[in-house]
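The values are calculated or read from the model by the stated rules, or taken from the named source; none is laboratory data. Since we're looking at a predicted model, the values are computed, not measured. Reconstructed Cβ throughout: ideal geometry from the backbone, glycine too, with neighbour counts over all protein chains shown. Just the protein is used for accessible areas: all its heavy atoms, side chains included, with ligands, DNA and RNA removed. Shrake-Rupley method; radii C 1.70, N 1.55, O 1.52, S 1.80 Å.
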Amino acid sequence: MKDRYNVAIVGATGAVGQEMMDILDERNFPIGELRLLASERSAGKEIEFKGNKLTIRKLDHDCFEGIDIALFSAGSSRTKEYADSAVKAGAVVIDNSSAYRLDPEVPLIIPEINPEAINGYKQKGIIANPNCTTAVTIMALKPLHDLGKIKRVIATSFQAVSGAGAGGLRELEQQTRAWANSEESESETFPHPIAFNVIPQIDIFQDNDYTKEEMKLHNETRKILGDESINLTATTVRVPVFRAHSVSVNIETEDKITASEAREALEKFPGVRVSDDPKNAVYPMPLDAAGKDDCIVGRIREDFTIDNGLTFWVVGDQLRKGAALNAVQIAELFIKSNGQNTNGI
Ligand code: A2P
C-alpha cells in the first residue's frame, strides 16, 4: 500500500467535481498529486485546493500518466471515450456516469451496502458509482431488505436541480431572478421552466414510457442488493430545489416489519439517520440534508392497505452521497482493499 495516491478529477469544474475536491479535502484523503481535468473551455483556469492554486488541464488521452485513481464526473460520453486511456495508464477509474453501471464486469458499489464487490474492479479497471436517486433510496432500502426481504418498491422522487449539474443550478437561479423582475427567461437544461414548477420527467423516455432515470432505479437497485427478484416502479420528478433529493417510498416485504422495527434498523445503519416525529412537524427536508453526508429518513409508517407494507420518506444530498461522497468512499475502499490497479497495463 502506498502512502499517497495521485488522483485525477475528470470534470473538475462541474457541480460533482467541485464537491469531490471539498470531500477529498475534508476527509484528508492521502493525495500525492491532484490533477484537475475539464474541457478546453476551462483549460488554464486555476482552482484552489488546500491553499495551492492548481491549473486545470484539458482532458485528453495522454493526461493520466502517473495517476493512481481517476474520478470521472464529466458524463457518459467522456467516460466511454477516456476511461480506457486512464486504465491503460495504470489508474483505477471510479465513474459517476451510467456508462458502465450495468456492465457485469464492472462493480456498482455503495460501500455501506456491498463493499465485497470491490474486487470486481480487477476485470476492467473500472468501478461504477450509482445514480444519485438510487443511492439515496437504497441507503434506506438495504436495512429493511435485510430485515424483511423486499419484494416490490413504489418510489416517487423529488429531485433537486443540482442533479442536472452546474447548468441546472444556474437555470433555477436565473429563472427565479427573472420572475422576481417580471422578465422572460429561457429553459436550456430542463425541458420546461423549473422555477415555481414541477416537471415529471428526468432524462429521456424509453419504449416502455418510463424514463431512463426511472429504469436506472429499478436496474441499479437489483444489482447493488444482488437480488434480481426485487421490482421497483418509479416516477422521477424535478422540483425547484437547489440541493438534495427527496424520495417517497412504499415497500412490500416478504416478512412483516413494524414501523418501530424499521426505525431501529434504519437508525443502526451507517450513513442513515432517522428524523421522525411527525406530530411535532419533525421529518427530513432537502434543506436539512443539503451539505450533509447522511441520508435522513422520516414519515415511517405501516401501510394499512396491504399485509406487509411500509411507507417512508428519505432525503439525501445527491451531490454528496448520491455522487461525490460515494465516489470518494469507493476510492477509500479501493485503497484498503489493495490500492493498485493490476488490470489493463
Ligand atoms: P467544463 O466546465 O470545462 O465544460 P456539470 O455536470 O456540473 O455540468 O459538469 C460537467 C463537467 O464535465 C465539467 O467539469 C465540464 O467541464 C466537463 N466536461 C464537459 N464536456 C467536456 C469535454 N468535452 N471534455 C472534458 N470535460 C468536459
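Tabulated data
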quantity: Lone qualifier among 279, 223 - being over 26 Å from residue 301 (Cα atoms) and either among the basic types (Lys, Arg) or outside the structural domain of residue 137 (by TED's automatic domain parsing) (or both); calculated: 223
quantity: Test: residue in the stretch 117-134 that is among the hydroxyl-bearing types (Ser, Thr, Tyr) and touching a His at 6+ places or on another chain (Cβ under 6 Å); calculated: yes
quantity: Condition broken by residue 22, with the remaining ones in (1) touching a helix residue (DSSP H, G or I) at 6+ places or on another chain (Cβ under 8 Å); (2) of a type in the set (Asp, Glu); (3) open to solvent by less than 40 Å² (accessible area, probe 1.4 Å) satisfied; calculated: (3)
quantity: Residue 184, sole failed condition from (1) open to solvent by 70 Å² or more (accessible area, probe 1.4 Å); (2) more than 30 Å from residue 105 (Cβ to Cβ); (3) at pLDDT 95 or above; calculated: (3)
quantity: Flag for residue 120 being within 16 Å of the ligand (Cβ to nearest atom) and either among the hydrophobic types (A, V, I, L, M, F, W, C) or in a helix (DSSP H, G or I) (or both); calculated: no
quantity: Residue under evaluation residue 29, criteria (1) within 25 Å of residue 131 (Cβ to Cβ); (2) aromatic (Phe, Trp, Tyr); (3) within 16 Å of the ligand (Cβ to nearest atom), criterion not met; calculated: (3)
quantity: Residues satisfying the stated conditions in the stretch 246-270, i.e. over 18 Å from residue 303 (Cα atoms) and surrounded by fewer than 17 Cβ atoms within 10 Å (Cβ to Cβ); calculated: 267, 268, 270
quantity: Filter result (polar (S, T, N, Q) and touching a residue at least 40 places away in the same chain (Cβ under 8 Å)) within the stretch 80-105; calculated: 96, 98
quantity: Number of the exception - residue 175 against (1) outside any loop (DSSP other than H, G, I, E, B); (2) in contact (Cβ under 8 Å) with a residue 40 or more places away in the chain; calculated: (2)
quantity: Which listed residue, of 273, 243, is open to solvent by 30 Å² or more (accessible area, probe 1.4 Å) and part of a strand (DSSP E or B); calculated: 273
quantity: Checking residue 143 against (1) farther than 30 Å from residue 338 by Cα; (2) in contact (Cβ under 8 Å) with a residue 60 or more places away in the chain; (3) surrounded by 16 or more Cβ atoms within 10 Å (Cβ to Cβ), the condition it does not meet; calculated: (1)
quantity: Long-range neighbours under 9 Å by Cβ, at least six apart or interchain, first residue assigned by TED's automatic domain parsing to the domain that holds residue 254 and open to solvent by 10 Å² or more (accessible area, probe 1.4 Å) within the stretch 292-315, second among the hydroxyl-bearing types (Ser, Thr, Tyr) and part of a loop (DSSP other than H, G, I, E, B); calculated: 299/283; 302/258; 313/283
quantity: Sole residue being open to solvent by less than 20 Å² (accessible area, probe 1.4 Å), within 16 Å of the ligand (Cβ to nearest atom) and assigned by TED's automatic domain parsing to the domain that holds residue 259, chosen from 162, 157; calculated: 162
quantity: Residue 36 more than 13 Å from the ligand (Cβ to nearest atom), closer than 26 Å to residue 242 by Cβ and either touching a residue at least 40 places away in the same chain (Cβ under 8 Å) or surrounded by 13 or more Cβ atoms within 10 Å (Cβ to Cβ) (or both); calculated: no
quantity: Number of positions in the stretch 17-40 that are touching a strand residue (DSSP E or B) at 6+ places or on another chain (Cβ under 9 Å) and outside any strand (DSSP E or B); calculated: 10
quantity: Residue tally, condition under 23 Å from the mean Cα position of the chain (by Cα), open to solvent by 70 Å² or more (accessible area, probe 1.4 Å) and away from the ligand (no atom under 11 Å from the Cβ), over the stretch 42-88; calculated: 2
